[in-house]
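As structure tokens, the structure follows; a few thoughts come after it.
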Amino acid sequence: EQVEETYIMVKPDGVQRGLVGDIISRFEKKGFKLTGLKLFQCPKDLAEEHYKDLNSKPFFPKLIEYITSGPVVCMAWEGAGVVASARKLIGSTDPLQAEPGTIRGDLAVQTGRNVVHGSDSPENGKREIGLWFKEGELCQWTPAQAQWLRE
Ligand code: DAT
Ligand code: MG
């Protein structure tokens, strides 16, 4: 059985502002399964590949500068419906439009410093986890709470 997976990343501002624990905790408490986690200094070519669909946008150079400006926290999360659910937990791209209760709604004020990334489709979830993690960096495991999360 192929379970849905998503790539979540605390961006450099989230790391610098000490928000890593809060952000991880939201996905953890929701009940998704963490399968990969690392602190990582992103090289420019990886940032450009990750955001390649945006490479014609005027803000692209600043976006790459931002994402490579300090360490990020890379995560892979797994679960039925995890891609769309994580996007809801994260909130709108513009933090001022993001609902209270979402990560961006609670913790950020500007699109260019919106603290977290989440894949926008199951296909991109797979693609991005493949980009950011090497084989052997991901763990397959069964959380002890699994039987209390789903009937
Ligand atoms: P999201 O991160 O919500 O999936 P996106 O994929 O459209 O949003 O864009 C990726 C990132 O690029 C986004 O988190 C912040 C930056 N960005 C997007 N639109 C922008 C804009 N109009 N001005 C500045 N940065 C922008
Ligand atoms: Mg996106």
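The values are calculated or read from the model by the stated rules, or taken from the named source; none is laboratory data. Keep in mind the model is a prediction, meaning the values are calculated, not measured. All Cβ positions, even for glycine, are placed from backbone atoms using ideal geometry, and neighbour counts span all protein chains on display. Protein only, heavy atoms only, side chains kept; ligands, DNA and RNA dropped before computing areas. Shrake-Rupley method; radii C 1.70, N 1.55, O 1.52, S 1.80 Å.
State which stretch of the chain is the longest one without any exposed trypsin sites (Lys or Arg not before Pro), exposure meaning a DSSP loop state and at most 10 other Cβ atoms within 10 Å.
On the way: sites that count: K134, R150.
Answer - 1-133.
Within the set of other residues whose C-beta is less than 14 Å from the C-beta of T93, count the net charge using Lys and Arg as +1 and Asp and Glu as -1. Each step should come with its number before you reach the end.
Working: positive: K11, K57, R87, K88, R104, R113; negative: D53, D94, E99, D120.
The answer is +2.
At 18 Å minimum axial length over the Cα atoms and a Kyte-Doolittle cut of 1.6, report the qualifying DSSP H helices in the chain, or say none. Mind showing how you got there, number by number?
On the way: long enough: none.
Helices meeting the span and hydropathy rule in the chain: none at all.
Which one of A47, L131, V15 has its Cα pushed farthest toward the positive end of the charge dipole of the stretch 5-151, where Lys and Arg give +1 and Asp and Glu give -1 at the Cβ?
V15
Please compute the net charge surrounding G112, taking Lys and Arg as +1 and Asp and Glu as -1 over other residues with Cβ under 15 Å from its Cβ. Present the calculation step by step, with values, prior to reporting the outcome.
On the way: positive: K11, R17, K57, K62, R104, R113; negative: D13, E65, D94.
Taking every other residue near G112 into account, the sum is +3.
Suppose a student asked you for the relative contact order of the chain, using Cα pairs under 8 Å spaced at least 6 residues apart; what percent would you report?
Working: 237 pairs, mean separation 53.6, N = 151.
It rounds to 36 percent for the chain.
Could you list, in their original order, any pairs among K30/K134; K52/K126; K62/K126; K29/K88 whose Cα atoms are separated by more than 20 Å? If you can, show how the numbers build up before the last one.
Working: K30/K134 26 Å; K52/K126 15 Å; K62/K126 26 Å; K29/K88 15 Å.
The pairs that break the limit, which is 20 Å between Cα atoms, are K30/K134; K62/K126.
Only Lys, Arg, Asp and Glu count, each charged at its Cβ (+1, +1, -1, -1), so figure out the dipole size of the chain about its Cα centre, rounded to 20 debye.
So the magnitude is around 340 debye.
For the stretch 66-150, what is the charge dipole size about the Cα centre, in debye to the nearest 20, if Lys and Arg each add +1 at the Cβ and Asp and Glu each add -1 at the Cβ?
Working: 8 positive and 9 negative charges, 11 e Å.
The dipole of the stretch 66-150 has a size of about 60 debye.
Calculate what fraction, in whole %, of the accessible area of the chain sits on carbon and sulfur atoms when a 1.4 Å probe is rolled over the protein chains. Intermediate results must be reported in sequence, preceding the final value.
Working: 4470 of 8660 Å².
Looking at the chain in its full context, I get 52 percent from C and S.
Report the full-extension gain for the segment D53 to S121: residue separation times 0.36 nm, less the Cα-Cα distance, to one decimal in nm.
Numbers: separation 68, 0.36 × 68 = 24.48 nm, distance 1.35 nm.
In short, 23.1 nm is gained.
Hey, if you put +1 on the Cβ of every Lys and Arg and -1 on every Asp and Glu Cβ in the chain, which of Y66, G31, A146 ends up farthest toward the positive end of that dipole?
Y66
How large is the accessible surface per residue of the chain, computed with a 1.4 Å probe and reported in Å² as a whole number? Provide the component values of the computation, followed by the final result.
Working: 8660 Å² over 151 residues.
Value for the chain: 57 Å² per residue.
Using only helices, what value at 222 nm comes out for the chain when you add -39,500 (n - 2.57) per DSSP H run of length 4 or more and divide by the total residues, to the nearest 500 deg cm²/dmol? Present the calculation step by step, with values, prior to reporting the outcome.
On the way: 8 runs with 60 residues, N = 151.
About -10500 deg cm²/dmol.
Is the C-alpha gyration tensor of the stretch 3-145 telling us rounded, prolate or oblate? Criteria: a/c under 1.5 is rounded; beyond that, a/b larger than b/c is prolate, otherwise oblate. Each step should come with its number before you reach the end.
Working: a/c = 1.56, a/b = 1.20, b/c = 1.30.
In terms of gyration-tensor shape, oblate.
Once both labels are modelled 7 Å past Cα along the beta-carbon direction, what's the S69-Q110 spacing in nm?
0.8 nm
Taking the stretch 37-79, which chymotrypsin sites (Phe, Trp or Tyr not before Pro) meet the DSSP loop condition and have no more than 16 other C-beta atoms within 10 Å? Don't skip to the end; give the middle numbers.
Working: sites: F40, Y51, F59, Y66, W77; in loops: Y51, F59.
Here the sparse-neighbourhood loop sites are Y51, F59.
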